[in-house]
Structures are given as C-alpha cells and as structure tokens.
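Single-structure report; data block below.
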Ligand code: SGN
Ligand code: CA
C-alpha cells in the first residue's frame, strides 16, 4: 500500500460525518442451493462511461482494447442493457438491491437522504451463503457501505488527483496518485493478500472515471491532440416538439452548462466562470510535479484559445473537440486498469471460475442533442454498456439481444451464488441467458423512472416504458408532456409522435404496458397519474 501523502490542511478537511452510520441488517446464514455454480464475481462499474465510447460497441471514437477483451472468446456483449434511473446514486441503489428506486428508497443524489443500508442487498445475500465480499472506489450512497467484509470508498464524487478515502475503520486519508490506478491497486491487493482464498468471492471495483470533469493522468495528457472527431448528427438539435429536452441545462455550447475552465481546463487569470473555484480546488490537489506536467500541457492551449476569441458555432465545435479528447484521455487510464485486473485473473488461473462484469452507472451524451450528462430516458443515457467474461460452464457467446436492466444484476449474482431470491426483488436473473438459453417468456419491455428535479441540469421528472421498438414517456411535476418514439424509424428520437394522427392504437397499447409495469413493480406514481384508457 502506498504511503499517505500529506497535502495542505484544507485539502484534508473531510466532513466529520462524511457518511451516515448504518445498522448493518445482516442476513442469517443460508445453505446454498447445491446446484449453484458459485463462481467468483468481479464486478467493475465505471461512472458515466457510455457505449458510444467503448470500441466493442462503437468504433467511431474510442479504442478500448482491454474492455473489448472481455467480450471476446468466452465473453458476451449485451446490446440492450438499460438502467432504471439514469443517475449515479439511484442507479447504484437499483443495482445493489435489485429494486427500482421506489423499492429501495434512494431516488436522487441531491436530497441528501442517505441510502438505508439496513435493507437487503446482493452482497449481504452472497455473504449469507459463504462468499467474501469487497468494495473499492465510488459508492455515492451517503451512508456507510454494508454487506462487505472489506471496503474503502471515496467521499461523494471522489477526486481524480491525490484523492481522499473513507476507510472501513472510520479513519479518513489522502493518498498520493491517480484515482483510477489507486482503486485498481487496492482491488488487486485484496485479491492477492486480503481475501480468504478458500472461499468464493465478489469484488466490486467502482471507478470514479469517466465522471465530470474528466481530468486525465499526467502520462496521458498529450494523447489524441491530433484527432478531430465528427460531430454527432444531432449536435445542433432544435428540440422541436420536446419541451423537457429544450429546458435541460446540459448543452456543450452553453457557457453556463459546460464551463470553459472547470470542464475544459482553460484557466486564465482574467476569466471568471461559475465553476472556476471548483476547478482551482481540483488542480490545487496536485503535487508540484503533477501540476508542472498539467500546466506545461495546458498553458499553450489556453493561450491559443483566448487569442482566438471563438464565438457561436465555432466555439461550440471547439468545446466538443476538447470534451472528446479529455474524455478519451481519462478513458485510457480506465482501459489500462481494467487490463491490469484481467491480467491478474489470467495469471492466477481465475478466469475459468470467475464471472467478470463490466458496466457503468448509466450512459452519457457525447454531443448528441448538443449535450453532455445523462438523466433522460432517451437512448444514450438509458443504455449502459454491459460486457462479461464468462467462466467455464456458461456457454453464451457473442452478442446478446434480450433486454436486461441493472435491477437484474442482484438476482443473477444471487442465483450464481446459490442464495434464495426473495419475491420482492424487481429484477430477474439472467443466468439462463448466460448459459446460452433464450427464454421465451423473457421481458418484452422495461420500466424507467427519474426523479431528480428541480436540480442541476434541470432534467424534469419522468417515467416511461421501452419495448423493442417503441418508447413512451411522461414528463411531470412542473410540466405535463408525453413523448412517443418509433426507435426503428427515428433512432435519434427527434420526432415526438405523441398525439399525432395514426398513433392512437399504438399509444393505447403502450399506455397499457406502462400501467402493467407500474402495477407489477408497485410504483405509487400510478395513483398520481392514473392510466385509465
Ligand atoms: C455532479 C456534476 C453533474 C452531474 C452530477 C451527477 N456536477 O453534480 O454534472 O450530473 O454530479 O452525476 S459537478 O460540477 O460537480 O461536476 S452522477 O454520475 O454522480 O450522478
Ligand atoms: Ca454516473
């Protein structure tokens, strides 16, 4: 383990009650199902990593050879992998409980209400059948992790450089280095020295990368500077027929939404932006050597930028290019570190006995609709990448097209471990799919519900249903707007068909399916907006 690095006192100040203490609510030991395969599970989850920026899914922008390794050979790639609420904390709560937000009680990041860690979660069920469990990295549920034999998390969003950690013994520390590397260091150290090698294990590696503000490691700063990326078709979207999309504050072109200093690092003494101080605090975490490398790289770009005095579309396109480069540089560290984990598992003969999962807490906009960020039920942020290396005995291969959702991970892992799956779990185990089966009764639609409004980025509350071809959404709270898309005819979701002549029957069917899902999952919102026809 690396020594604790001493930074300025101010940077060390972590709020005393950084995480609310929780009752653990452990689950009594169970006898595992004797037929369960009891594979080890390595679950790697990133933050805001979207499928457009993963070459197993999309080769236009990114080259991610280590992530792609997961889907090759004994691996699978899910083409229809969705979240239930496209925001970090809520998404993590859905994932760990197997329940939609109204079932686990964690609706949003900003209300400050901590996750109730005394409720059942899949790591607790795995412990109850004899698994060892560990978690390293971003947690973001505002309460102490429960259900883990070993954990070490970052407060809130975490810091890319010389990050703060909250340790299991209640202490807090600042470590020297780059967060993506450190999270991997701790995970590998646990695999090698921390666990009881006679037991099956579940290791959760939760990266902060690719979260805003995309601060690359110094060794990757100079990458991709000679590349120019094509603008997405919808970059100059006019949001016609979509008032909630128009109201959202996540536009790359907007100086308020995408900050030239905080997001794009154009720090200048004469320029004052909304998030300048936040950026100064982030670069203030660097040691002199890191800071020198940073400034040596950025200073010429900063000078060129302010000299050029770009305006309008030219400025928007310039911002898009820098955004893409920063995102890709941060991604290089992530891909390298996933490679380190795979190398370790291979070198230690663990690949045949371990399910390795790679996913993100949600998708993200890379300029589509002119945006960054997530939250909407539109495709880019509803989707999340999902790749898996399968252990011996699971015969699926290549692409999987069944619709899965992050509420399915918990029951899948529980079935693998041989734990009982209680009836109140909303998700469905997709272990049969990993075995190579295509169950005829697999779901034909998914349900989504987003709540964080009013809040940063101003994405209005909405819920909806997505089938293989169609999507119906209802935006509510200070708006009452329905949207309907035919994803086959209009994959970019520009043409809101709701209320258009000829869509009456389709709308009726989708409203019926939406209500069925609300009833199945018992979402109380159906009493506020009853679907009667
Ligand atoms: C921070 C970011 C937002 C982001 C949320 C949620 N602002 O508040 O841009 O949408 O996190 O992200 S920042 O100024 O702090 O960077 S999430 O992935 O954690 O849900
Ligand atoms: Ca996220």
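Using the basic label-point model (7 angstrom from Cα toward the beta carbon), what is the residue 297 to residue 226 distance in nanometres?
Each label point is offset 7 Å from its Cα along the Cβ direction, giving 1.7 nm.
Let me make sure I get this right: for region 80-234, a, b and c are the square roots of the gyration tensor eigenvalues over alpha carbons, sorted descending. Under 1.5 in a/c it's rounded, otherwise prolate if a/b > b/c, else oblate. Which is it?
Values: a/c = 1.77, a/b = 1.26, b/c = 1.41.
Because a/c hits 1.5 or more and a/b fails to exceed b/c, region 80-234 counts as oblate.
Counting other beta carbons within 10 Å of each residue's own, what order do 331, 223 fall into, fewest first?
Ordered from fewest to most neighbouring Cβ atoms within 10 Å, 331, 223 come out as 223, 331.
Please arrange 452, 289 by how many other C-beta atoms lie within 10 Å of their C-beta, fewest to most.
289, 452
Apply the a/c threshold of 1.5 to the C-alpha gyration tensor of region 244-289 and tell me whether it is rounded, prolate or oblate. Don't skip to the end; give the middle numbers.
Numbers: a/c = 3.26, a/b = 2.28, b/c = 1.43.
Because a/c hits 1.5 or more and a/b exceeds b/c, region 244-289 counts as prolate.
Mind listing the Cα extents of region 481-533 along all three principal axes, in Å, largest one first?
Principal-axis extents of the Cα atoms in region 481-533, largest first: 32, 21, 18 Å.
Of all beta bridges DSSP finds with both residues in the chain, what is the antiparallel percent, to the nearest 5?
Of the beta bridges lying entirely in the chain, close to 55 percent run antiparallel.
Report the Cα centroid-to-centroid distance between region 212-261 and region 336-385 in angstrom, as an integer.
20
Within region 121-144, list the residues whose amide N lies under 20 Å from a label point set 7 Å along Cα→Cβ of residue 113.
Taking a point 7 Å out along Cα→Cβ of residue 113, the residues of region 121-144 whose backbone N falls under 20 Å are 121, 140-144.
Give the distance, in whole Å, between the Cα centre of region 415-432 and the Cα centre of region 82-124.
What the calculation gives is 17 Å, centre to centre.
Pull out a ≥ b ≥ c, the square roots of the eigenvalues of the alpha-carbon gyration tensor of region 314-433, then state rounded if a/c is under 1.5, prolate if not and a/b is larger than b/c, and oblate in the remaining case.
Numbers: a/c = 2.96, a/b = 1.51, b/c = 1.96.
Because a/c hits 1.5 or more and a/b fails to exceed b/c, region 314-433 counts as oblate.
Just to be sure I understand the model, the point goes 7 Å from the Cα along the line to the Cβ. What's the resulting residue 526 to residue 283 distance in nm?
5.3
Taking Rh as the Kirkwood radius, which is the inverse of the mean 1/r over Cα pairs, what is the Rg/Rh value for region 110-181? Can you show the working numbers first?
Values: Rg = 13.2 Å, Rh = 13.2 Å.
Ratio value, two decimals: 1.00.
Would you mind ranking 295, 533, 257 by Cβ crowding within 10 Å, fewest neighbours first?
Working: 295 14, 533 8, 257 20.
Lowest to highest Cβ neighbour count: 533, 295, 257.
Would you mind listing how long the chain runs along its three principal axes, going by Cα atoms, in whole Å with the largest first?
Principal-axis extents of the chain (Cα, largest first): 66, 65, 44 Å.
How much length would be gained if the chain were fully extended between residue 438 and residue 519, taking 0.36 nm per residue of separation minus their Cα-Cα distance, in nm to one decimal?
26.6 nm
None of the figures in this text is laboratory data; all of them are computed from the coordinates on show. Keep in mind that what you see is a predicted model, and the values were worked out from it rather than measured. No Cβ is skipped: glycine too gets one built from the backbone with ideal geometry, and neighbour counts run over all protein chains shown.
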